[in-house]
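Undergrad: Before I ask anything, let me first share the structure, which is written out below as structure tokens.
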Ligand SMILES: Cc1cc2nc3c(=O)[nH]c(=O)nc-3n(C[C@H](O)[C@H](O)[C@H](O)COP(=O)(O)OP(=O)(O)OC[C@H]3O[C@@H](n4cnc5c(N)ncnc54)[C@H](O)[C@@H]3O)c2cc1C
């Protein structure tokens, strides 16, 4: 069931269809994929292909390039429904196919851009966004990766870490200093880099959750790219990065988290209606019933804030701090709801036999990546104080 009550029938149909694809092909194999690769977990390109065939991969790619050109609101409704089935796979699949707007900002020819759109829409390629480095997380400007000009080429050197989809990626959006004398907003540039230019994949993370989304280091040693691989303008990479992190990034992080929270709540309600203690259903014990009512309240308010903001983005009137509010509020709410879902299940909630412990593990990361929730609060605070971001 689509929980956003203002969704149109068409949006509901699209979302339910995407969900049914994941229920059919992915749901029976979640445990297998979580434990695969010695417990690191794997992303399945085989399952991705089912989404590709139905048009859900790269679903925001404009119609003139052959995509569905779905707006952010419709994509959010679809992704929330998919994340109810499995958040890691959904997060990775959505991300990997969603970087075409940045490819459009390169100097590649119209034909080359069309070729990339075709490859994404055919499910042949996955992309990833590489900003974080070992000593540069929240403080992204502390990055050490550099790109130096050599004739008509840029030569990139550096190591990125915690990069979603890197182990499966065919192209990378890499942030590098092009002028260390400048401040970050003038000295950092983003590059579009194909894997075959010599990008190496390093250590793959073994994570507590979101295991169906693979994460690893990315190593660049004298990787050369032509000038037309610059995204936007040289030295203005932070602008391009913030665009991705701000609207699509933060919102879609929150959307995925919302799906996890709703799945946890749905399971908790179902369980509380059948589990009996002291001769009655646990939902009928007021202490536990109020806990579930609070879970519902958190989900309803998180969803309302999220979709109002998506609407504002679609109308071009969202502010910086609105998307930060969504990211922090929704993901904090979902962390609480998934933790409470484990409580509703009691000891069984702590057992891997039931899905709620997985929801709790998956929920945690959404408070961390895409800018931690402390950083989101910093953005809100600076915005309210009238300071530049
Ligand atoms: C599974 C996963 C996937 C990821 N995917 C990607 C990706 O695809 N691309 C990418 O570039 N990065 C990715 N990241 C990296 C992620 O964005 C960073 O982990 C995150 O930004 C935090 O950086 P950090 O881990 O270095 O923590 P730190 O920056 O070291 O922060 C540690 C703690 O200090 C707090 N803190 C830091 N500075 C302040 C401050 N000024 N005020 C208050 N508190 C502060 C933080 O909120 C946090 O609680 C991913 C990470 C994970 C775990």
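Undergrad: Determine, yes or no, whether residue 368 is in contact (Cβ under 8 Å) with a residue 40 or more places away in the chain and within 16 Å of the ligand (Cβ to nearest atom).
TA: No: the conditions fail for residue 368.
Undergrad: Then there's this: Hey, does the stretch 134-147 have a residue that's part of a strand (DSSP E or B), within 13 Å of the ligand (Cβ to nearest atom) and surrounded by 21 or more Cβ atoms within 10 Å (Cβ to Cβ)?
TA: no
Undergrad: Could I ask something else about it? Look through 125, 155 and report the one residue that is under 17 Å from residue 102 (Cα atoms), surrounded by fewer than 23 Cβ atoms within 10 Å (Cβ to Cβ) and modelled with pLDDT of 95 or more.
TA: Going through 125, 155 in turn, the sole match is 125.
Undergrad: Moving on to the next point. Report, by residue number, each residue of the stretch 223-238 that is in a helix (DSSP H, G or I) and away from the ligand (no atom under 16 Å from the Cβ).
TA: If the condition is that a residue be in a helix (DSSP H, G or I) and away from the ligand (no atom under 16 Å from the Cβ), then 227, 228, 229 are the ones that fit.
Undergrad: Would you confirm whether any residue within the stretch 292-313 is farther than 22 Å from residue 3 by Cα and assigned by TED's automatic domain parsing to the domain that holds residue 265?
TA: no
Undergrad: Which one is farthest from the ligand (Cβ to nearest atom) among residues in the stretch 371-389 that are over 24 Å from residue 304 (Cβ atoms) and touching a helix residue (DSSP H, G or I) at 6+ places or on another chain (Cβ under 8 Å)?
TA: Among them, the one singled out is 388.
Undergrad: I'd like to verify a number: residues in the stretch 163-222 that are part of a loop (DSSP other than H, G, I, E, B) and under 24 Å from residue 42 (Cβ atoms), how many?
TA: Residues that pass the stated criteria total 14.
Undergrad: Another question about this same structure. Being in a loop (DSSP other than H, G, I, E, B) and modelled with pLDDT under 95 is the filter; apply it to the stretch 315-352 and report the residue that is nearest to residue 382 (Cα to Cα).
TA: Residue satisfying both the conditions and the ranking: 319.
Undergrad: Name the residues in the stretch 190-211 that are under 22 Å from the mean Cα position of the chain (by Cα), within 22 Å of residue 226 (Cα to Cα) and free of Cβ contacts under 8 Å to residues at least 60 places away in the same chain, would you?
TA: 191, 193, 194, 195, 201
Undergrad: Separate question: Which number in (1) within 12 Å of the ligand (Cβ to nearest atom); (2) touching a helix residue (DSSP H, G or I) at 6+ places or on another chain (Cβ under 9 Å) marks the one condition that residue 176 misses?
TA: In the conditions (1) within 12 Å of the ligand (Cβ to nearest atom); (2) touching a helix residue (DSSP H, G or I) at 6+ places or on another chain (Cβ under 9 Å), residue 176 misses (1) alone.
Undergrad: Right, something else. Would you call residue 153 within 16 Å of the ligand (Cβ to nearest atom), assigned by TED's automatic domain parsing to the domain that holds residue 223 and touching a residue at least 12 places away in the same chain (Cβ under 8 Å)?
TA: So residue 153 does not fit the description; no.
Undergrad: Separate question: Among the residues of the stretch 85-99, which ones are surrounded by fewer than 24 Cβ atoms within 10 Å (Cβ to Cβ) and over 12 Å from the mean Cα position of the chain (by Cα)?
TA: Passing the criteria: only 85.
Undergrad: Which of the residues that make up the stretch 39-65 are surrounded by fewer than 16 Cβ atoms within 10 Å (Cβ to Cβ), free of Cβ contacts under 8 Å to residues at least 60 places away in the same chain and over 18 Å from residue 16 (Cβ atoms)?
TA: 46, 62, 63, 64
The values are calculated or read from the model by the stated rules, or taken from the named source; none is laboratory data. None of these values were measured; they are calculated from a predicted model. Note that we place each Cβ from the backbone using ideal geometry, even for glycine, and neighbour counts take in every protein chain shown.
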